[in-house]
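This report refers to the structure that appears directly beneath it.
The values are calculated or read from the model by the stated rules, or taken from the named source; none is laboratory data. Since we're looking at a predicted model, the values are computed, not measured. All Cβ positions, even for glycine, are placed from backbone atoms using ideal geometry, and neighbour counts span all protein chains on display.
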Amino acid sequence: MRIFLAIAWRNVMRNKKRSFITIFAIAFGLIFLIFMWSIIDGVYPVMIDNMTGLFMGHMEVSTPEFVDRPALENAIRDGDPVIAAVRDHPNVEAYSPRMRLFGLLSYAENSQGGVVIGIDPELERELGRLDDDEFIIEGRFITSDDVRGAVIGATLAKNLDARLGERIFFLTQGPHQELAYTNLNVIGILKSHVPEIDGSMVFVRRADLTDADVLDMPGAVTDVAIRLRDQNLLEETKAELQSALEGHDEQKLVRTWKEIVPWIEQALAMDEAFFYFIVLIMFTVVVAGILNTVLMSVMERTREFGIMRALGTKGWQIATVVSLESVMLGVIGLVIGATCGIVLTLILGQTGLDLYSGIDESFMGEFYFFETRIYPLLNLDHFITTCIAVMVMIVLVSLYPARKAAKLEPVVAIKALG
Amino acid sequence: MIVKTEGLKKVFSSDHVEHPALRGVDVQINEGEFVVVAGPSGSGKTTLLNMIGTLDSPTEGKVFFKDRDVGAMSVGERTELRLHKIGFVFQAYNLINVLTAAENVEYVLLLQGLAGEQRRQRAHELLEAVGLEGLENRRPEQLSGGEQQRVAVARSLASEPELVLADEPTANLDQATGKELIELMLELNRERGITFVISSHDRMVIEHARRLLRLLDGRIVADEKP
């Protein structure tokens with residue numbers, strides 16, 4: 001084997017320029033792949049965290065009817081068993097029972113349709129980030145002591161011309177088709193950059209809606225939002241919760257964020273498909289580079305292989321020499337590419353990369369879950385997978401010229417020029 | 001008898017046109033002979049050597065190596081035969097370019113699985129025998145044409161073959177170097193009893209023949225012992 005290693009290595013060194021170009025192609029391809037994957041690893045989880053961490057949660061429980069028609073009649077009448085099942089699940093980190101009521105909000109002469117969401121303030125704080133200072137632009141978030149205190153979306157407040165300390169009126173339909181209404185005191189104004197929240201939502205204590213003087217539905221919820229300790233447990237937890245909630249009066253439906261906002265999942269899938277398309281192009285470039293180099297090398301040395309065959313070298317030994325050359329080029333390219341890829345990713349992982357500079361901030365507001373500065377993240381599994389895939393590809397690519405060289409008829413090869 | 005051919009014919013085809021290279025060669029070569037196959041270009045010398053050396057297959061006829069029908073052997077058996085029993089010296093460019101002179105000689109021994117020290121010792125002895133002592137670590141491009149052919153001779157002898165086939169070994173050498181090479185082969189033939197079959201149209205080589213096979217248009221037209 002030593003002699004075949006020597007022949008292979010010296011052949012790699014024989015045409016330094018060509019070998020360098022091939023090594024560069026492999027290294028560049030690998031750097032690109034590592035970097036691309038680290039961007040996806042850095043951006044997607046942050047994006048999902050931003051989206052689910054603000055208000056939505058990783059999943060929610062409601063009745064299936066409420067999903068189709070979010071009306072009070074489709075609420076969960078007795079929320080306590082649902083809340084208990086959610087609270088007791090080991091994968092649940094935080095949860096927030098909610099009572100969503102659609103109706104008319106008015107202040108003075110202004111009125112607008114909107115949704116008032118009854119929450120348990122302390123539980124909501126644990127689940128989401130609506131109480132963050134960056135979002136509460138005036139006043140403060142509600143606590144469990146703020147009877148009829150309301151935090152109102154900034155756009156809605158502007159439309160109603162309602163300011164801090166003022167009283168707004170909410171009119172809705174009760175459980176028996178009767179009118180139900182309440183007065184709410186604005187104690188905070190919220191600007192989350194999510195148009196749906198800012199333009200139509202008001203947050204109050206859940207009890208302020210379910211109390212006898214408004215709905216008289218103590219313990220009722222329309223949905224329970226859930227945050228998991230690890231979003232990778234999504235499907236498993238969904239199945240377990242779904243099964244735990246069977247047998248109650250109303251049928252319950254557990255939906256993950258992927259089902260609540262399916263377009264996000266589709267957008268990510270499209271993004272990922274695009275990534276794999278780029279990967280395919282990069283692999284093609286690397287394959288073409290290696291194949292070109294090794295095939296050229298084999299063709300140039302046809303006569304040499306013929307002589308080796310004549311001397312008693314077996315076909316598989318010739319194939320080994322050719323494959324070793326590819327592997328050597330591959331390993332060098334891999335080491336350089338992997339090292340540079342890691343360094344680049346780690347540096348940019350610290351400094352961040354401003355991909356969206358120059359994009360109008362109002363446009364970015366629509367995509368509140370995007371970070372304007374992205375931080376590539378090196379995922380060891382993905383890094384190893386990429387390196388192995390590149391190496392396997394190099395070995396596979398080398399098989400063709402190796403086979404070609406091994407199959408050379410000695411007499412034909414010796415006659416060849418070269 | 002080391003080699004025997006029976007009714008050996010070889011026809012090459014290109015563009016649907018057939019070119020007969022051998023038209024029925026019957027020859028027997030015995031152990032220890034120093035045979036020169038002479039003839040003009042295109043007479044079939046190289047084709048005959050390729051058949052004897054199991055590098056090519058005949059269109060018709062048979063080649064026997066010590067009574068074994070070469071045509072009945074598998075590719076692997078023919079490879080083994082070349083590795084252990086036959087040495088080759090080609091016309092030119094016949095060394096592995098990336099290996100030194102010593103490594104070129106050692107290469108065959110490595111294929112045979114000989115141990116390191118023994119291998120180096122044998123390569124050293126052979127290079128010394130062909131007058132290349134001190135040039136062991138030079139690569140082919142650092143050697144003259146004559147020196148390269150000497151390395152090729154040393155390599156052809158490395159496996160201690162019973163038969164050495166040399167195809168126009170002096171074609172790219174000047175007269176003096178060519179003569180030295182042929183005299184070296186004669187010496188090895190005399191001292192080690194190795195059978196040599198050399199193809200050439202070089203008069204100097206023909207003059208050194210112990211047995212001369214004259215080939216013309218793919219047929220042996222004379223079998224002489226000068």
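Could you list all residues from the stretch B:148-167 that are modelled with pLDDT of 90 or more and of a type in the set (Asp, Glu)?
Listed by number, the residues that qualify are B:162, B:167.
Quick check on residue A:342: is it of a type in the set (A, V, I, L, M), assigned to a helix (DSSP H, G or I) and either within 14 Å of chain B (Cβ to nearest Cβ) or more than 30 Å from residue A:224 (Cβ to Cβ) (or both)?
Working: of a type in the set (A, V, I, L, M): yes; assigned to a helix (DSSP H, G or I): yes; either within 14 Å of chain B (Cβ to nearest Cβ) or more than 30 Å from residue A:224 (Cβ to Cβ) (or both): yes.
Taking the combined requirement at face value, the residue satisfies it.
For the stretch B:194-219, enumerate the residues that are small (Gly, Ala, Ser), part of a loop (DSSP other than H, G, I, E, B) and within 20 Å of residue B:178 (Cα to Cα).
Listed by number, the list holds a single entry, B:209.
When you look at residue B:14, is it in contact (Cβ under 8 Å) with a residue 24 or more places away in the chain, of a type in the set (Ser, Thr, Tyr), away from chain A (no Cβ under 12 Å) and surrounded by fewer than 22 Cβ atoms within 10 Å (Cβ to Cβ), yes or no? Can you show your working first?
Details: in contact (Cβ under 8 Å) with a residue 24 or more places away in the chain: no; of a type in the set (Ser, Thr, Tyr): yes; away from chain A (no Cβ under 12 Å): yes; surrounded by fewer than 22 Cβ atoms within 10 Å (Cβ to Cβ): yes.
Criteria not met by residue B:14.
Identify, from the list B:79, B:100, the residue that is of a type outside the set (D, E, K, R) and free of Cβ contacts under 8 Å to residues at least 12 places away in the same chain.
After applying the criteria, what remains is B:79.
Sort out which residues of the stretch A:328-341 are touching a Ser or Thr at 6+ places or on another chain (Cβ under 9 Å) and surrounded by fewer than 21 Cβ atoms within 10 Å (Cβ to Cβ), and write them in order of number.
A:328, A:332, A:338
Scan the stretch B:22-46 for residues that are over 19 Å from residue B:209 (Cα atoms) and surrounded by fewer than 23 Cβ atoms within 10 Å (Cβ to Cβ) and report the count.
4
Name the single residue, out of those in the stretch B:161-179 being over 13 Å from the mean Cα position of the chain (by Cα) and of a type outside the set (Val, Ile, Thr), that is nearest to residue B:208 (Cα to Cα).
B:179
Condition first: crowded, with 22+ Cβ neighbours inside 10 Å, out of contact with any Phe, Trp or Tyr (no Cβ under 9 Å at 6 or more places or on another chain) and either facing chain B (nearest Cβ under 7 Å) or over 27 Å from residue A:286 (Cα atoms) (or both). Now tell me which residues in the stretch A:307-327 satisfy that.
Within the stretch A:307-327, A:309, A:312 qualify.
Search the stretch B:135-147 for residues that are farther than 21 Å from residue B:120 by Cα and in contact (Cβ under 8 Å) with a residue 24 or more places away in the chain and pair each with any residue that is among the hydroxyl-bearing types (Ser, Thr, Tyr) and surrounded by fewer than 16 Cβ atoms within 10 Å (Cβ to Cβ) when their beta-carbon atoms are under 6 Å apart and the residues are at least 6 apart or on different chains.
Close Cβ pairs (under 6 Å, with a partner that is among the hydroxyl-bearing types (Ser, Thr, Tyr) and surrounded by fewer than 16 Cβ atoms within 10 Å (Cβ to Cβ)) do not exist here.
Wholly within the stretch A:231-309, which helices (runs of 4 or more DSSP H) include no fewer than the required count, namely at least 1 residues that are farther than 30 Å from residue A:66 by Cα and free of Cβ contacts under 8 Å to residues at least 40 places away in the same chain?
A:262-300
Name the strands (runs of 3 or more DSSP E) wholly within the stretch B:57-174 that hold at least 3 residues that are within 14 Å of chain A (Cβ to nearest Cβ) and within 20 Å of residue A:311 (Cβ to Cβ)? I'd like the intermediate steps shown before the answer.
Working: elements: B:60-65, B:86-89, B:163-167.
Output list reads B:86-89, B:163-167.
If only one of A:129, A:140 is over 13 Å from residue A:204 (Cβ atoms) and modelled with pLDDT of 95 or more, which one is it?
A:140
Looking at A:92, A:151, can you tell me which residue is at pLDDT 95 or above, of a type in the set (Val, Ile, Thr) and over 24 Å from residue A:195 (Cα atoms)?
Result of the check over A:92, A:151: A:92.
What's the number of the condition residue B:137 fails, among (1) at pLDDT 85 or above; (2) within 22 Å of residue B:209 (Cα to Cα)?
Status for residue B:137: all satisfied but (2).
Residues are listed down the side, and each one gets a yes or a no for (1) more than 17 Å from the chain's Cα centre (by Cα); (2) free of Cβ contacts under 8 Å to residues at least 40 places away in the same chain; (3) under 27 Å from residue B:190 (Cβ atoms):
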position	(1), (2), (3)
B:21	yes, no, no
B:24	yes, no, no
B:27	no, no, yes
B:32	no, no, yes
B:37	no, no, yes
B:41	yes, no, no
B:46	no, no, yes
B:54	no, yes, yes
B:59	yes, no, no
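Please state which of the following conditions residue A:384 fails to meet, knowing it meets all the rest: (1) more than 15 Å from the chain's Cα centre (by Cα); (2) modelled with pLDDT of 90 or more; (3) outside any helix (DSSP H, G or I).
The failed condition is (3).
Does at least one position in the stretch B:180-188 carry a residue that is more than 14 Å from the chain's Cα centre (by Cα), surrounded by fewer than 23 Cβ atoms within 10 Å (Cβ to Cβ) and part of a loop (DSSP other than H, G, I, E, B)?
No, every residue in the stretch B:180-188 fails to be more than 14 Å from the chain's Cα centre (by Cα), surrounded by fewer than 23 Cβ atoms within 10 Å (Cβ to Cβ) and part of a loop (DSSP other than H, G, I, E, B).
With A:7, A:39 as the choices, which residue is of a type in the set (A, V, I, L, M), within 9 Å of chain B (Cβ to nearest Cβ), out of contact with any His (no Cβ under 8 Å at 6 or more places or on another chain) and in contact (Cβ under 8 Å) with a residue 40 or more places away in the chain?
Unique residue meeting the criteria: A:7.
If you take just the helices (runs of 4 or more DSSP H) that sit entirely in the stretch A:58-142, which of them hold at least 2 residues that are surrounded by 18 or more Cβ atoms within 10 Å (Cβ to Cβ)?
Output list reads A:80-88, A:121-127.
Does residue B:202 qualify as being of a type in the set (D, E, K, R) and buried (at least 18 other Cβ atoms within 10 Å of the Cβ)?
Yes; evaluated as a whole, the condition is true for this residue.
The rows are residues; the columns are (1) at pLDDT 90 or above; (2) among the polar types (S, T, N, Q).
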position: B:169; (1), (2): no, no
position: B:173; (1), (2): no, no
position: B:176; (1), (2): no, no
position: B:180; (1), (2): no, no
position: B:192; (1), (2): no, no
position: B:199; (1), (2): yes, yes
position: B:205; (1), (2): yes, no
position: B:209; (1), (2): yes, no
position: B:220; (1), (2): yes, no
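If I filter the stretch A:210-217 for residues that are under 23 Å from residue A:260 (Cα atoms) and either of a type in the set (S, T, N, Q) or buried (at least 23 other Cβ atoms within 10 Å of the Cβ) (or both), do I get at least one hit?
no
Would you check which residues across the stretch A:10-36 are among the polar types (S, T, N, Q) and within 14 Å of chain B (Cβ to nearest Cβ) and list them?
Passing the criteria: A:11, A:15, A:19.
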